[in-house]
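S.K.: Quick one: the structure is below, and I'll ask about it shortly.
The values are calculated or read from the model by the stated rules, or taken from the named source; none is laboratory data. Quick caveat: nothing in here was measured; it's all calculated off a predicted structure. Every residue, glycine as well, gets a Cβ built from its backbone with ideal geometry; the counts of neighbours run over all protein chains shown.
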Amino acid sequence: MCICVNCRHVQNCTTYQLIKYKHQQKLYTSIDTNFFIPKETLININIIYSQYIHNTYFDWDLIECLSFVEMPGHWTI
């Protein structure tokens, strides 16, 4: 699971925006253009092959970030 969902910086983090884009979700847009660039992030990409529908999926998760500041549920704001 992506640690971003419990991070204080999730609303304006450039790495989280990348992960959302890779998950093909609509990017969060805000009037505030002050984006946060985290330090030393580590992204885990799981490759999932479905033999039933012959398709490959990629699951992107941020698993380590030196800028992480815990604030559970901040992504829902």
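S.K.: State all residues of the stretch 37-77 that are β-branched (Val, Ile, Thr), modelled with pLDDT of 90 or more and either over 14 Å from Cys4 (Cβ atoms) or part of a loop (DSSP other than H, G, I, E, B) (or both); if no residue qualifies, say none. Before you say what the answer is, go through the steps one by one.
M.R.: Restricting attention to the stretch 37-77, the residues satisfying the condition of being β-branched (Val, Ile, Thr) are 37, 41, 43, 45, 47-48, 53, 56, 63, 69, 76-77.
The next check asks that each one be modelled with pLDDT of 90 or more; those that pass are 37, 41, 43, 45, 47-48, 63, 69.
Once the filter is applied, which keeps residues that are β-branched (Val, Ile, Thr), modelled with pLDDT of 90 or more and either over 14 Å from Cys4 (Cβ atoms) or part of a loop (DSSP other than H, G, I, E, B) (or both), the stretch 37-77 yields Ile37, Ile45, Ile47, Ile48, Val69.
S.K.: May I pose another question? Quick check: is even one residue across the stretch 22-36 at pLDDT 85 or above, touching a Leu at 6+ places or on another chain (Cβ under 9 Å) and either surrounded by fewer than 15 Cβ atoms within 10 Å (Cβ to Cβ) or of a type in the set (Phe, Trp, Tyr) (or both)?
M.R.: The answer is no; no qualifying residue exists.
S.K.: Here's a follow-up. Consider only pairs whose beta carbons are under 6 Å apart and that are at least six residues apart or on different chains; among these, list those whose first residue lies in the stretch 1-22 and is closer than 11 Å to Leu62 by Cβ and whose second residue is among the polar types (S, T, N, Q) and not in a helix (DSSP H, G or I).
M.R.: Thr15/Thr41
S.K.: Could you tell me whether any residue of the stretch 4-20 is modelled with pLDDT of 90 or more and exposed (fewer than 11 other Cβ atoms within 10 Å of the Cβ)?
M.R.: So far as the stretch 4-20 goes, no, none of its residues is modelled with pLDDT of 90 or more and exposed (fewer than 11 other Cβ atoms within 10 Å of the Cβ).
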